[in-house]
1. How many of the residues in region 1-32 are part of a helix (DSSP H, G or I) and crowded, with 17+ Cβ neighbours inside 10 Å?
2. Residue under question is Gln527, and the condition is that it be touching a residue at least 24 places away in the same chain (Cβ under 8 Å) and over 22 Å from Ala409 (Cα atoms); does it hold?
3. Can you name the residue in region 226-264 that is part of a loop (DSSP other than H, G, I, E, B) and among the hydrophobic types (A, V, I, L, M, F, W, C) and, of all such residues, is farthest from Ser329 (Cα to Cα)?
4. Report the residue count in region 487-538 for those that are at pLDDT 95 or above and of a type in the set (Val, Ile, Thr).
5. Taking the criterion of being under 30 Å from Phe252 (Cα atoms), of a type in the set (Val, Ile, Thr) and surrounded by 23 or more Cβ atoms within 10 Å (Cβ to Cβ), would at least one residue in region 425-442 satisfy it?
6. Checking Lys469 against (1) surrounded by 17 or more Cβ atoms within 10 Å (Cβ to Cβ); (2) of a type in the set (Lys, Arg); (3) farther than 29 Å from Thr43 by Cβ: exactly one of these is not met. Which one?
7. Those residues that are farther than 17 Å from Ser238 by Cα and in contact (Cβ under 8 Å) with a residue 24 or more places away in the chain, I need them from region 282-310; list them, please.
Amino acid sequence: MNASEYLLDRLADYKVDHIFGIPGDYILPFFAHAEASGIRMVTTTHEPSAGYAADAYARTKGLGAAVATYGVGALNMLNATAQAYAERSPTLFISGAPEISGRSPDKLLHHEVKHWDTQIRAFSEMTCAAVNLVDGAKACEQIDTVIDDVMRLKRPGYIELPRDMQKTEVERRRVVRTYLKRGDDFEKNLADATSKVIGILNGSKRPVIYAGVEIDRFGLRSELIRFAKKANLPVATSLLGKSVFPETHPNFVGIYMGAIGSQRAREMVENSDCVLLLGGFMTDFDSGLFTMRIPDDNLILADASQLLVRGESFPGITLPDLMRSLLLSPGINPREPPARQPADSKAAQPQQGSGLSAGSIIEALNGFVGDEMAVVTDVGDCLFSCVDLKVNRFLAPAFYASVGFGVPAGLGMGLADLTRRTVVLVGDGGFQMTGVELSTAKRLGINPIVIVYNDAKYGTLEAMRAGMKSFDLPVWDYSGLAKAIGCDGCAASTPQELKGALQSALSSRVPYVIDAKLSGARSNTLQRLGGLVGKKTA
């Protein structure tokens with residue numbers, strides 16, 4: 001068995017059925033072995049798209065992989081790697097490299113940048129583990145170490161595979177590792193922590209769960225649903241963690257983003273005397289540009305690395321430990337059913353007039369998207385308007401916020417979960433970067449519904465500082481482009497036309513693009529965000 005075959009076997013162990021990438025001469029042996037392995041190699045139109053698709057695949061299925069050639073290919077994926085790291089996505093990035101045997105200072109090989117280790121040093125800054133496979137005797141152990149770290153930490157990893165090593169026989173062996181050494185007092189600490197948390201919950205008048213993205217990363221969604229039902233607690237989520245708790249569930253109260261997000265969720269969280277923050281990390285978007293107000297005395301925080309109960313630390317106890325212990329505990333007193341709350345007074349409302357707005361798009365989607373669908377969004381008002389979207393499966397780059405994520409992410413999500421049809425929301429700027437990836441989706445038989453928020457500008461930036469010509473975009477015929485690459489689509493300028501377009505898209509067997517020509521107001525969330533950021537950019 002050679003190094004390529006062993007790496008492919010390890011990916012198959014984690015049910016990776018697709019690898020995204022673009023072939024090049026330094027990685028061709030790996031591609032040949034992959035095609036023989038049964039794993040589908042998905043050739044995208046550009047390396048950033050391969051990275052975004054693999055990232056979305058990982059967020060949906062648990063592990064994703066992207067591959068490219070040395071230098072020009074791998075460095076094109078570096079931004080996607082950075083986003084996966086920032087947003088804690090377990091994605092493996094693989095690159096070819098020149099033969100080890102042919103490297104010398106007086107030979108300048110194509111795609112070389114500065115030094116032979118320049119590329120791996122760059123990826124080391126963006127991953128939890130990075131390795132250059134140069135020794136067949138150690139290759140299997142090194143591959144295992146990287147993949148194990150990716151799965152344990154839910155961060156991307158990097159493997160550099162020189163062309164000669166791709167064909168080199170390796171010593172196959174698995175090393176059993178114990179990453180988390182439980183001390184003798186672990187069970188007692190966990191019992192003490194659980195007892196204290198339950199005591200605070202039972203003694204609180206207005207407890208609330210605030211759930212973040214690590215619930216999804218560590219596969220704790222069903223545990224969260226069961227716990228919320230057991231304790232009968234209201235649940236808010238972060239924007240990055242949107243849909244880690246089903247939004248059609250009666251206990252769901254909205255997206256909490258401080259002063260920017262759901263006002264109902266804000267009232268529930270900020271008026272609570274016990275906020276159980278599970279798996280969240282405080283980015284500027286999730287915190288509403290740090291306008292969130294949760295006193296430490298009211299906070300119980302559990303994440304991948306720690307448990308803090310009103311400032312008291314319980315070493316060695318993490319989010320999965322606490323969640324499973326709470327579910328097993330008989331001591332939780334169920335609360336009274338959460339009072340039915342009126343809809344947000346500032347939520348998306350039908351806009352006056354006949355033109356399309358961000359709010360009217362969300363209004364139409366709330367009557368269209370069912371549990372047999374999943375929504376993925378790019379960056380911009382297509383993201384911020386989703387604060388008011390009710391959906392049970394959702395994916396977005398809501399922290400690192402790389403424009404161009406949406407369409408290739410829809411490809412990755414669609415391949416990772418064939419049971420749901422994907423709806424992609426993307427701004428015209430994001431579509432102009434990566435929208436042609438729909439041709440890849442069509443080739444693979446994936447038929448996402450893509451709604452382009454078309455206002456002929458970078459609208460999010462316009463909301464922060466109006467009137468700059470730098471924000472203007474060329475006007476494209478998005479539905480015409482879709483047809484030119486073998487897909488289908490139409491334009492919509494009114495809410496009624498949009499509803500008709502959605503019905504047409506529903507019956508389409510190929511990717512369907514709806515060119516949503518915006519003339520109405522931006523979402524309330526973006527207006528609030530733009531007002532806060534605008535003070536800094538003036």
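The values are calculated or read from the model by the stated rules, or taken from the named source; none is laboratory data. Everything numeric here is computed off the predicted structure, so don't read it as measured data. Neighbour counts run over all protein chains shown; Cβ positions are idealised from the backbone, glycine included.
1. Going through region 1-32 one residue at a time, the tally reaches 13.
2. yes
3. Restricting to residues being part of a loop (DSSP other than H, G, I, E, B) and among the hydrophobic types (A, V, I, L, M, F, W, C), the top hit is Ile260.
4. Of the residues in that region, 4 qualify.
5. yes
6. The number of the failed condition is (1).
7. Asn298, Leu307, Val309, Arg310 - these are the residues of region 282-310 that are farther than 17 Å from Ser238 by Cα and in contact (Cβ under 8 Å) with a residue 24 or more places away in the chain.
For (1) among the β-branched types (Val, Ile, Thr); (2) assigned to a helix (DSSP H, G or I), each residue gets a yes or a no:
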site: Thr422; (1), (2): yes, no
site: Glu437; (1), (2): no, yes
site: Val452; (1), (2): yes, no
site: Pro474; (1), (2): no, no
site: Gly486; (1), (2): no, no
